[in-house]
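Read the structure below first, then the notes.
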Amino acid sequence: MSVSAPPAAISELRERIARLEGGNARERTVLPFGVAAIDRVLPGGGLAFGGLHEVAGGGNGAVDGAAAALFAAGIAARTVGKVLWCVTRPDLFAPAIEQAGLPPGRVIYVEAGDEKSILACFEEGLRGGFGAVVAEIARLSMTASRRLQLAAESSGAIGIAIRRWRRQEATDFGQPTAAETRWRVSVLPSTPLPVPGIGRARWQLELIRCRAGESADFTVEACDAKGRIALPSDVADRPLQKEIGRRRASA
């Protein structure tokens, strides 16, 4: 004689299967950039909470690496609650992070000795009730990224992996991971001013992978004091840029 499983057990099993398949039992919410050209190419209109996202500089230099960190800081600044930031090198410039909207009082910094420890801190942080968790890592395997994605799904936090490397051969940014989006940030000449001086920094922002979405490129102004990027006026006025930036073939 067969015995039917109780509804509660069936519901729990369905939730576990959804998590293993990359879904999320809770209703997915997003963090919009507030830039229509960017938000319209992202599923749901923004970066998904409860997900892992990758960011890297457009080159191996410190300048593009700093831009990637500021882009991540701007995202984290627009979440609610404390932010955990995990590093292996004590070279993060906190005043610049604050200018991107993330004041010291919101950030807990963790310095670990190696990447294995960083990944452990990253995963635990994603399960620990933070609004966002940022970790600077060089290598990210599919297995490690899958664990991070599941940890983010379990709490609803945003996880940001900033890909850093010392040598070109350490770069595995092109390898597949479980991250929902993958971004590359390169520094451009700053916004022109009508008088001598330095205008607001500009970035070439590349969305090179987006789960269930499209790839695209954007020219943007760097994060302001509230963590918000913007389209430069001379770019926003271009009809093609106003639509979706410059779309590219999916990575």
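Figures for the structure shown
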quantity: Entirely in the stretch 91-201, the helices (runs of 4 or more DSSP H) that have 3 or more residues that are at pLDDT 95 or above and farther than 23 Å from Leu31 by Cα; calculated: 115-126, 142-155
quantity: Which numbered condition Arg16 misses (of (1) open to solvent by 90 Å² or more (accessible area, probe 1.4 Å); (2) modelled with pLDDT of 95 or more; (3) not small (Gly, Ala, Ser)); calculated: (2)
quantity: Unmet criterion (only one of (1) at pLDDT 95 or above; (2) open to solvent by less than 60 Å² (accessible area, probe 1.4 Å)) for Lys226; calculated: (2)
quantity: Only one of Ala37, Ala56 that is part of a helix (DSSP H, G or I), open to solvent by less than 10 Å² (accessible area, probe 1.4 Å) and either among the small types (Gly, Ala, Ser) or farther than 20 Å from Leu140 by Cα (or both); calculated: Ala37
quantity: Where a residue in the stretch 149-163 is under 14 Å from Glu123 (Cβ atoms) and its partner, wherever it lies, is in a helix (DSSP H, G or I) and open to solvent by 10 Å² or more (accessible area, probe 1.4 Å), with Cβ under 7 Å and at least six apart; calculated: Leu150/Arg19; Ala151/Glu123; Glu153/Arg19
quantity: Positions within the stretch 102-114 being surrounded by 17 or more Cβ atoms within 10 Å (Cβ to Cβ) and over 21 Å from Arg163 (Cα atoms), in sequence order; calculated: Arg106
quantity: Any hit, the stretch 36-50, residues being acidic (Asp, Glu), modelled with pLDDT of 80 or more and under 24 Å from Ser233 (Cα atoms); calculated: yes
quantity: Checking Met1 against (1) farther than 20 Å from Leu126 by Cα; (2) open to solvent by 30 Å² or more (accessible area, probe 1.4 Å); (3) assigned to a loop (DSSP other than H, G, I, E, B); (4) at pLDDT 90 or above, the condition it does not meet; calculated: (4)
quantity: Residue list for the stretch 115-132, filter: open to solvent by less than 10 Å² (accessible area, probe 1.4 Å) and not small (Gly, Ala, Ser); calculated: Ile118, Phe122, Leu126
quantity: Which listed residue is open to solvent by 60 Å² or more (accessible area, probe 1.4 Å) and small (Gly, Ala, Ser), from Gly174, Gly199; calculated: Gly174
quantity: Given (1) of a type in the set (A, V, I, L, M); (2) open to solvent by 10 Å² or more (accessible area, probe 1.4 Å); (3) under 18 Å from the mean Cα position of the chain (by Cα), number of the condition Ala179 does not satisfy; calculated: (2)
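Per-residue answers, yes or no, for (1) more than 22 Å from Arg147 (Cβ to Cβ); (2) at pLDDT 65 or above; (3) of a type in the set (A, V, I, L, M); (4) not in a loop (DSSP other than H, G, I, E, B):
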position: Ala8; (1), (2), (3), (4): yes, no, yes, yes
position: Ser11; (1), (2), (3), (4): yes, no, no, yes
position: Gly23; (1), (2), (3), (4): no, no, no, no
position: Val63; (1), (2), (3), (4): yes, yes, yes, yes
position: Ala73; (1), (2), (3), (4): yes, yes, yes, yes
position: Ala76; (1), (2), (3), (4): no, yes, yes, yes
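The values are calculated or read from the model by the stated rules, or taken from the named source; none is laboratory data. None of the values given here were measured: they were computed from a predicted structure. For neighbour counting, all protein chains shown are included, and Cβ atoms are generated from backbone atoms with ideal geometry for every residue, glycine included. Accessible surface areas use protein heavy atoms only, side chains included; no ligands, DNA or RNA. Shrake-Rupley method; radii C 1.70, N 1.55, O 1.52, S 1.80 Å.
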